[in-house]
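Below is one structure, written out as structure tokens; the observations come after it.
The values are calculated or read from the model by the stated rules, or taken from the named source; none is laboratory data. Predicted model only: the values in this text are computed from it and were never measured. Neighbour counts are summed over all protein chains in view; Cβ atoms, including those assigned to glycine, are modelled from backbone coordinates with ideal geometry.
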Amino acid sequence: MDYTLLLIQVLNGLQLGVLLFLVASGLTLVFGILDFVNLAHGSIYMLGAFVCASLTYALDSYLLAVILALPIIGIIGYVFEVFLARPLYSRDHLDHVLGTFGAILVIDTIAHLIWGPAGIAIPLPNYLDGQIKISENIELPTFRVLIIIVGLLAAFGLLWLVNFTRLGMLIRAGASNRTMVSALGIDIRTLFAIVFAIGATLAGMAGMLIAPITEASLGMGNNVIITAFVVIIVGGIGSVKGALVAALLIGLIDTLGRAFLDDFFKIFMSTAAAENSAPAISSMSIYLIMALILSFKPNGLFPPRLR
Amino acid sequence: MQFIKPLKFFILASLLVFPILFNQIGMSFYLDLATRLCILAIAAVGLNLILGYGGMISFGHAAYLGLGAYAVGIPAHHWLYGGLDFLATTNGFVHILIAIAISGLFALLTGLICLKTKGVYFIMITMAFSQMAYYLFVSIEEYGGDDGLVINTRSEIPLINLDDPIQMFLVSFSSLIFFMWLVHLITKSNFGLILSGIKDNEARMVSLGYNVYFHKLIAFIFSGIICGFAGVLLGNFTTFISPEMIDWSRSGELMFMVILGGVATVMGPLFGAIVFVILEEVLSSITIYWHLPFGLLLITVVLFFRGGLSSLFSK
Amino acid sequence: MQNILKIKNLNKNFGGVIATKNLNLSVLDGDIHAIIGPNGAGKTTLVSQIFGQVFPDSGQIFFQNIDVTQISEYKKSRLGINRTFQITSVMKSMTVSENIQLATDKIRENSLNFFTTFTNKNYVLEKVDFCLGQVGLIEANNQPVASLSHGDCRKLEIAMALASDAKLLLLDEPMAGLGPSETQEMIALLNKLKGKQTILLVEHDMDAVFALADRISVLVSGEIIATGEPNNIRHDSKVQKAYLGEA
């Protein structure tokens, strides 16, 4: 087998994994802490990409655009929480699903109105567009490596925030005992809005990171959201650690499956049969993995402790 | 215990008569609209069985519509172009049988896993499995992949010609009445009583000696099969099937119909489908961005109205 | 008289916390057998193990000489063990009658009857009336459960248990949340069942327990420290020290 190709594909898998984590972590946080199902999370990811694209052209700098776009998306998340999510917390999950489904239609159409039906490509500055030479014949794309590093930093930053800071402590306490935290004089509603905004910012960041590779496009949010669901189901809804493990697992399986499954099938079936069946199987692979894991662990790999 | 009250009878009668009248005076558009409405309403009736009566919030029921439509398209495709001889046919009964078998099997296999979970897990997993079906059909080049599959010949059923729009409508309409009646019957039966018991208090039903998982699975399969049948009609109506029909936003629209019409009512899914089809038609004739007002309406309904349209009628 | 329920050397730990410790218990057919004990003695855990929501770490549970230790909840119910819950658990959105219908064996046995209302309609409806008559709720027949008072919901639960033809009834704190007069009604109701229905009664209300029970077992820290007739238990020094003295 071609090891350079394998290395590249592993890198792609990791990249997909960290991006999935950035989207899934917000979902799982919001669900774990606020018990709120947000289908529109993928739309925020898409907004991240579009806002970043516009700013890149306006400021002529991708880096500045990202720095400015992150707080913008955070504010959008905050506003979303105040006007749509907050009135629905006390309702059942069905209302969450329908309400945020409506939000998807609204956000997607607004994006359509503002940015038009075609995708927008984001040009990378030269210093990010090159290759990193690892050895004689192995070169890795700088930007992909950067995505992985930034993604992992965000992941560990989030784990640190939730587990080791005062804000994290309040968040965890607020999830298990709302009255208690309110009694401490903390405004629980602001706290929840901050959690929501953090989740939105992370999703938006994922959109900003992927856009230079795939371009910002209208359908991107709805494509990523289901995979993010698979990630948090496999990881255990509410668990940030579970989301990280599951995201990397799903990212690698999906990427490597698409790249190598036909070669693998050729070992024991005819070339034609392998080329026909491999795409079908690999497109289903993550769902099959999900089904397999759920039949043994119905609450995911890292089910959060009951509260 | 009455199946249909006078007002509801009037609505059904208008749904039957007016589209045909309009068609006779040259406005065939309304006949098409009514046919589509009936087909979507059948799917909503199927979804209502588990969502409304059983409390299982499935966000993946568009998959069954797609499976049913491909059960028409794939045999017809092979009949025309060869390959897979055992499948190749235009016989409508075979199409229906395949649709029932496939959607029943899909419901069984996914249900076995989905129904082990509850609440949000269930919503997301049903969604994920329908997306699996979506990507499966995208990946099969032979059936058009992303671009979809044109169904060149409609299902052939003795004495019925589905190429005739009026007959197509009548078949859809009578199927709708049949399934509304069937689901009404089921919900009034022992099984229906048990299903509402499960929706209300699952733990108590277990302690009363019911195998809750099994009963939910049966309802889940029934519901899938009804939507699969709706898919057969949809395939015949549009003569085209693409993975886009399975997309989860389609499932969301089905849910919208059931909820808006009022869950756990006989007429609810029909009301919901009427409102949805009219909204879609009216809004999309005003603007191509009709999803914007539709989405705002959905949010408004969720935030401010509960119980759905059917509750307005029963008052 | 025969043992209907026999528990041998039952043990259950929850992450190091001992909830049931080498527990032995026999319930005689036809008795009202009460289990009392201070808070945290492991009463609820014991009920859950008998009924099958929690499985013991070791030991065995026999019901009519069948080993039911590892049998799941709904199957135990079908064998003839039925229970009520500490917190009222009924189908709130349905009518009183429907709740009891669901408890009858004829609905359960014909659970896959999809197209007809009621198999054995008369049998079921007569049974509903009979059970409602027993608990004095006959007027509430067609009312939605949501409109019942808490005390009436408790009675409904008893009626459901009766409708199930349970051979052994586990009542988990049937007096919980009842006012004084409602408690008296409940005691009178259970007294009517005395001798006809085997009941395992877990209860805090000592007056109720001593008024009703044929035999009493005292559970302290997961262990049964004494079993006997009410009078013996009242005067048992171990019991007084461990339990009654405390209160």
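Among the candidates A:ILE134, A:ILE122, which residue alone is of a type outside the set (Gly, Ala, Ser) and crowded, with 18+ Cβ neighbours inside 10 Å?
Going through A:ILE134, A:ILE122 in turn, the sole match is A:ILE122.
Exactly one of these conditions fails for A:ILE286: (1) surrounded by fewer than 22 Cβ atoms within 10 Å (Cβ to Cβ); (2) over 12 Å from the mean Cα position of the chain (by Cα); (3) closer than 24 Å to A:GLY17 by Cβ. Give me its number.
Of everything listed in (1) surrounded by fewer than 22 Cβ atoms within 10 Å (Cβ to Cβ); (2) over 12 Å from the mean Cα position of the chain (by Cα); (3) closer than 24 Å to A:GLY17 by Cβ, A:ILE286 misses just condition (1).
So in the stretch C:48-70, with the set limited to residues that are among the hydroxyl-bearing types (Ser, Thr, Tyr) and not in a loop (DSSP other than H, G, I, E, B), which one is farthest from C:VAL202 (Cα to Cα)?
Ranking the candidates gives C:SER58 first.
Given the residues B:LEU108, B:LEU87, which is the only one that is within 14 Å of chain A (Cβ to nearest Cβ) and either touching a residue at least 12 places away in the same chain (Cβ under 8 Å) or not in a helix (DSSP H, G or I) (or both)?
Answer to the check: B:LEU108.
Test B:LEU162 against the criterion of being hydrophobic (A, V, I, L, M, F, W, C) and in a loop (DSSP other than H, G, I, E, B), and give yes or no.
In short, yes.
Yes or no, residue by residue, for (1) modelled with pLDDT under 95; (2) part of a loop (DSSP other than H, G, I, E, B):
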site: B:ILE177; (1), (2): yes, no
site: B:THR187; (1), (2): yes, no
site: B:LEU195; (1), (2): yes, no
site: B:ILE198; (1), (2): yes, no
site: B:ALA203; (1), (2): yes, no
site: B:VAL206; (1), (2): yes, no
site: B:TYR210; (1), (2): yes, yes
site: B:TYR213; (1), (2): yes, no
site: B:LEU217; (1), (2): no, no
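Name the one entry in C:MET160, C:MET175, C:MET186 that is touching a Pro at 6+ places or on another chain (Cβ under 7 Å), in contact (Cβ under 8 Å) with a residue 12 or more places away in the chain and of a type in the set (A, V, I, L, M, F, W, C).
C:MET186
Report whether or not C:LEU219 is at pLDDT 85 or above, part of a strand (DSSP E or B) and not polar (S, T, N, Q).
Yes; evaluated as a whole, the condition is true for this residue.
Can you name every residue in the stretch C:52-68 that is crowded, with 19+ Cβ neighbours inside 10 Å and either closer than 18 Å to C:ASP29 by Cβ or modelled with pLDDT of 85 or more (or both)?
C:PRO56, C:ILE61, C:PHE63, C:VAL68
Counting only residues that are assigned to a helix (DSSP H, G or I) and either polar (S, T, N, Q) or within 10 Å of another protein chain (Cβ to nearest Cβ) (or both), how many does the stretch B:259-279 have?
Of the residues in that region, 2 qualify.
For the stretch B:96-107, does any single residue satisfy the condition of being hydrophobic (A, V, I, L, M, F, W, C) and buried (at least 24 other Cβ atoms within 10 Å of the Cβ)?
Yes, there is a match, as at least one residue in the stretch B:96-107 is hydrophobic (A, V, I, L, M, F, W, C) and buried (at least 24 other Cβ atoms within 10 Å of the Cβ).
Can you tell me which residue among A:VAL145, A:VAL97 is more than 14 Å from every other protein chain (Cβ to nearest Cβ), part of a helix (DSSP H, G or I) and at pLDDT below 90?
A:VAL145
Return the residues of the stretch B:231-258 that are outside any helix (DSSP H, G or I) and closer than 23 Å to B:ILE166 by Cα; say none if nothing qualifies.
B:THR239, B:PHE240, B:ILE241
Tell me whether the stretch A:265-272 contains one or more residues that are surrounded by fewer than 18 Cβ atoms within 10 Å (Cβ to Cβ), more than 11 Å from chain B (Cβ to nearest Cβ), closer than 18 Å to A:ASN12 by Cα and in contact with a helix residue (DSSP H, G or I) (Cβ under 6 Å, 6 or more places away or on another chain).
no
With the requirement that a residue be facing chain A (nearest Cβ under 8 Å), touching an Asp or Glu at 6+ places or on another chain (Cβ under 9 Å) and closer than 20 Å to B:ARG36 by Cβ, what does the stretch B:280-299 give you?
Matches in the stretch B:280-299: B:HIS291, B:PHE294.
Here is a yes/no grid of residues against (1) at pLDDT below 85; (2) small (Gly, Ala, Ser); (3) not assigned by TED's automatic domain parsing to the domain that holds C:LEU212:
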{"site": "C:ASP105", "(1), (2), (3)": "yes, no, yes"}
{"site": "C:ARG108", "(1), (2), (3)": "yes, no, yes"}
{"site": "C:VAL128", "(1), (2), (3)": "no, no, yes"}
{"site": "C:VAL145", "(1), (2), (3)": "no, no, yes"}
{"site": "C:GLY151", "(1), (2), (3)": "no, yes, yes"}
{"site": "C:ALA159", "(1), (2), (3)": "no, yes, yes"}
{"site": "C:GLU173", "(1), (2), (3)": "no, no, no"}
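Where residues in the stretch B:197-217 are within 22 Å of the chain's Cα centre (by Cα) and surrounded by 21 or more Cβ atoms within 10 Å (Cβ to Cβ), which of them is nearest to the other protein chains (Cβ to nearest Cβ)?
Within the stretch B:197-217, the match that is nearest to the other protein chains (Cβ to nearest Cβ) is B:LYS199.
Among the residues of the stretch B:123-149, which ones are under 23 Å from A:ASP35 (Cβ atoms) and more than 9 Å from chain A (Cβ to nearest Cβ)?
Within the stretch B:123-149, just B:THR126 meets the criteria.
Does A:GLY77 fit the bill of being under 23 Å from B:MET255 (Cβ atoms), out of contact with any strand residue (DSSP E or B) (no Cβ under 7 Å at 6 or more places or on another chain) and in a helix (DSSP H, G or I)?
No, not satisfied.
Here are the criteria: (1) part of a strand (DSSP E or B); (2) of a type outside the set (Ser, Thr, Tyr); (3) buried (at least 22 other Cβ atoms within 10 Å of the Cβ). Tell me which single one C:ALA226 does not satisfy.
Among (1) part of a strand (DSSP E or B); (2) of a type outside the set (Ser, Thr, Tyr); (3) buried (at least 22 other Cβ atoms within 10 Å of the Cβ), C:ALA226 violates only (3).
Across the stretch B:111-144, what is the number of residues that are of a type in the set (Gly, Ala, Ser), free of Cβ contacts under 8 Å to residues at least 60 places away in the same chain and surrounded by fewer than 19 Cβ atoms within 10 Å (Cβ to Cβ)?
1
Would you mention how many residues in the stretch C:99-124 are free of Cβ contacts under 8 Å to residues at least 12 places away in the same chain and more than 9 Å from every other protein chain (Cβ to nearest Cβ)?
The number of residues fulfilling the criteria is 3.
Restricting the search to the stretch C:70-98, which residues are at the interface with another protein chain (Cβ under 8 Å from one of its Cβ atoms), of a type in the set (S, T, N, Q) and buried (at least 19 other Cβ atoms within 10 Å of the Cβ)?
Across the stretch C:70-98, the qualifying residues are C:SER77, C:ASN82.
Filter the stretch A:129-159 down to the residues that are over 22 Å from the mean Cα position of the chain (by Cα) and among the aliphatic types (A, V, I, L, M) and list them by number.
Once the filter is applied, which keeps residues that are over 22 Å from the mean Cα position of the chain (by Cα) and among the aliphatic types (A, V, I, L, M), the stretch A:129-159 yields A:ILE132, A:ILE134, A:ILE138, A:LEU140.
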